[in-house]
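Visitor: One structure follows; several queries about it will come next.
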C-alpha cells in the first residue's frame, strides 16, 4: 500500500514538474507590430528657368572723343547711291554727321531714297542733319522753323545744319539764333544743332549755346590753312568747332593737317573745286582720307 502511494506521489510530482517545466519554457505569444509604411518625401517639381530671348548686341558707335567727319552730302541717293553707301560704311568707322540737302532745304515732298539711307546711317552709328539756310539772320524765323519741322516730320534726322549763320553777334542776330535754338530744342530734344558762320565769329554765340557745333572756317584749302582760330575758342571743348576745306590738293594730306594744327572735333576736306559746287559728290580719295583722322 505504501509502495503504491509512493509511486502515485512520484507520478504526481513528476507530472507537476513536467507541467511547470513546459510553462517556464513556453515563449510568450508573439505580437506583430503594425507595419508603418515608409514616408515618401514630397516631390518638388524641377524649376524650369525662364526662356531668355537672344539679345541682339546694339550697334557700337565709334569711340567718343575722336575727330569726326561733318560731310555736306548735297547729292540725292536716288541718283548717287554709291556715295551714300560710302557714307554708311564710314559711319561705322569714325564719328560722322552727314548733311542732307534735297533742295536748299527739305524740298516740297518726301524722298523715299533719303528715308532708306538716313535709317541706314543711323543704324551704322552716324547721324544725318537737315540743311536749313538762315540768310545771316535775315530769313523769316517762321520759314526756318517750318523747314525744321518738315525735316523731322519726313525723315529720321538727328539734327539741323544752320547754313549762312551770322558771324556778328548783334543784339538782333543773337536774339534770332537764340530763339531758333530754343524752338529746335523745345520741339526736338537731344538733337544736334550745327551753325555755319564759315568764318571767325563772335564768342557770344558759343557762350549762349545757340548751336552745339560751329563751323569756324569753310573755304578753299589755301585760305583755311592760313587763318588763325580765335583765341577765345580755347575756352570751349574742341568738339564745339569744325572746319571745311575745299579745293584741296589731297584730302589725305589736308585732313591730316587739320587734325594736327586745328583745335576742332569735326572736319571735312574735298578735292572738288569751289565752283560750281564742291559738295555735289564725295571726292575720289574720301575713303583714304579717313585714315588721317
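Coordinate-derived values only; no laboratory data. If you're wondering where the values come from, they're calculated on a predicted model, not measured in any experiment. Glycine also receives a Cβ, built like all others from the backbone with ideal geometry; neighbour counts cover every protein chain displayed.
Visitor: By its C-alpha gyration tensor, with a ≥ b ≥ c as the square roots of the eigenvalues, how is the stretch 68-292 shaped: rounded for a/c under 1.5, else prolate for a/b larger than b/c, else oblate?
Guide: Numbers: a/c = 1.62, a/b = 1.04, b/c = 1.56.
Oblate.
Visitor: Still on this structure: In nanometres, what is the gap between the two model label sites at residue 220 and residue 261, each 7 Å from Cα along Cα-to-Cβ?
Guide: Roughly 1.7 nm, to one decimal.
Visitor: Can you tell me the length gained on complete extension of the stretch residue 142 to residue 281, counting 0.36 nm per residue apart and subtracting the Cα distance? If you can, show how the numbers build up before the last one.
Guide: Details: separation 139, 0.36 × 139 = 50.04 nm, distance 3.10 nm.
Extending this stretch completely gives an extra 46.9 nm.
Visitor: Does the stretch 118-174 classify as rounded, prolate or oblate by the C-alpha gyration tensor (a ≥ b ≥ c root eigenvalues; a/c under 1.5 gives rounded; else a/b over b/c gives prolate, otherwise oblate)?
Guide: Values: a/c = 3.88, a/b = 2.04, b/c = 1.90.
It is prolate, given that a/c is not under 1.5 and a/b is the larger ratio.
Visitor: Run the quick spin-label model on residue 204 and residue 238: label points 7 Å from Cα toward the beta carbon, then report their separation in nm to one decimal.
Guide: Distance between label points: 3.0 nm.
Visitor: Residue separation times 0.36 nm, minus the C-alpha to C-alpha distance between residue 291 and residue 190: what's the value? Can you show the working numbers first?
Guide: Details: separation 101, 0.36 × 101 = 36.36 nm, distance 2.96 nm.
That works out to 33.4 nm of additional length.
Visitor: Taking square-rooted eigenvalues a ≥ b ≥ c of the alpha carbon gyration tensor, is the stretch 71-164 rounded, prolate or oblate, where a/c under 1.5 means rounded and, failing that, a/b exceeding b/c means prolate? Don't jump to the answer; show the numbers that get you there.
Guide: Details: a/c = 2.03, a/b = 1.71, b/c = 1.19.
In terms of gyration-tensor shape, prolate.
Visitor: At what distance in nm do the modelled label points of residue 229 and residue 82 sit from each other, each positioned 7 Å from its Cα along Cα→Cβ?
Guide: 3.5 nm
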